[in-house]
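The block underneath contains the structure these notes are about, expressed in structure tokens.
The values are calculated or read from the model by the stated rules, or taken from the named source; none is laboratory data. This one's a predicted model, so the numbers in the text were calculated from it and none came from an experiment. No Cβ is skipped: glycine too gets one built from the backbone with ideal geometry, and neighbour counts run over all protein chains shown.
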Amino acid sequence: MISKFIAMWSGPRNISTALMRSFENRSDCFVSDEPFYSYFLYKTGLKHPLSNEVINSGLIHYDKIIKYITGPIPSSKNIWYQKHMAHHILEGENIDWIKNMKNCLLIRHPSDVILSYSKKNEINNIQQLGYLQQIEIYKMLTEELGIPPIIIDAQDLLVEPKKMLIEICEILRIKFDKKMLSWSQGSRKTDGIWGKHWYKQVEASTGFKPYIKTNRIISPKYQSLYDECIQYYEFLYQNRIILN
């Protein structure tokens, strides 16, 4: 069987770990959790929760990460699902390697992201939320390959998880597996060490939680950030997977 490399590009607080759980539950799939996180913190010097532990837990050299994630799929699996935070790729780094991946963008409404992320970490600029980087990935793949990435909206996935997963699998040309709809509680060996800070909700879950509509009222201090994010989100949203 042909090896399949899936790069799922997300921003923070985007149900990205739940979707990783979904793919990991397949018997043919190996998953990697944010392979650029250690490198990102090492290069930027940003102080995130558990920063030193994160840096010490993974690869910190960009070229070594690329060599690993484009190499043989571990554990003799046919699919390698890679959960990437779009903002972990720093400006100026060569991303030609993504042309050999099946690239997907996982998006979420900015007000929901801001409301969720601000409870866990301070938001200082738009670069932290991934929208700009997702746009860059979209432009590169569309302009250079003529192949736009698959765009998945988090709300759509939570409202119709089975239908969305069937559609995603069809576009990726892999067989849908009903095991993708539920999983056992707890942490995973494949979870990043940062999971003990960020993954409490997903560790308690056994599947995709039903979508809960929020009032989407954000603090005035984040209004200008929201205004900037929403234009990028709306562009990506217009190009997302739409179920028939």
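From the list 162, 119, the lone residue that is part of a helix (DSSP H, G or I) and free of Cβ contacts under 8 Å to residues at least 40 places away in the same chain is 162.
Where the second residue is assigned to a helix (DSSP H, G or I) and among the hydroxyl-bearing types (Ser, Thr, Tyr) and the first is more than 19 Å from residue 127 (Cα to Cα) and lies in segment 215-240, which pairs have Cβ atoms under 7 Å and are six or more apart or on separate chains? That search, which allows pairs on different chains as well, returns 216/111. Could you grab me the full set of residues in segment 200-225 that are under 19 Å from residue 186 (Cα atoms) and of a type in the set (Lys, Arg)? The answer is 200, 209. Inside segment 226-244, residues that are β-branched (Val, Ile, Thr) and in a loop (DSSP other than H, G, I, E, B) make up a count of 2. Among the residues of segment 98-120, those identified as surrounded by 18 or more Cβ atoms within 10 Å (Cβ to Cβ) and among the polar types (S, T, N, Q) are 103, 111.
Return the pairs, sorted by first residue and then second, in which the second residue is of a type in the set (S, T, N, Q) and at pLDDT 95 or above, the first residue lies in segment 39-55 and is farther than 10 Å from residue 197 by Cβ, the beta carbons are less than 6 Å apart, and the residues are 6+ apart or on different chains. Close Cβ pairs satisfying both conditions: 41/51; 55/38. Scanning segment 1-28 for residues that are among the β-branched types (Val, Ile, Thr) and part of a helix (DSSP H, G or I) returns a single hit, 17. Take residue 192 and decide whether it is surrounded by fewer than 18 Cβ atoms within 10 Å (Cβ to Cβ), assigned to a loop (DSSP other than H, G, I, E, B) and of a type outside the set (Ser, Thr, Tyr). No. For residue 99, state whether it is among the basic types (Lys, Arg), part of a helix (DSSP H, G or I) and within 18 Å of the chain's Cα centre (by Cα). Judged against the criteria, residue 99 is a match.
Of the residues contained in segment 217-225, none is found to be under 19 Å from residue 83 (Cβ atoms) and part of a loop (DSSP other than H, G, I, E, B).
Is it fair to say residue 188 is among the basic types (Lys, Arg) and either touching a Pro at 6+ places or on another chain (Cβ under 9 Å) or within 30 Å of residue 56 (Cα to Cα) (or both)? Considered against the rule, which asks whether it is among the basic types (Lys, Arg) and either touching a Pro at 6+ places or on another chain (Cβ under 9 Å) or within 30 Å of residue 56 (Cα to Cα) (or both), residue 188 comes out as yes. Here residue 142 passes the criteria (1) surrounded by fewer than 19 Cβ atoms within 10 Å (Cβ to Cβ); (2) within 26 Å of residue 21 (Cβ to Cβ); (3) of a type in the set (Val, Ile, Thr) except the one numbered (2).
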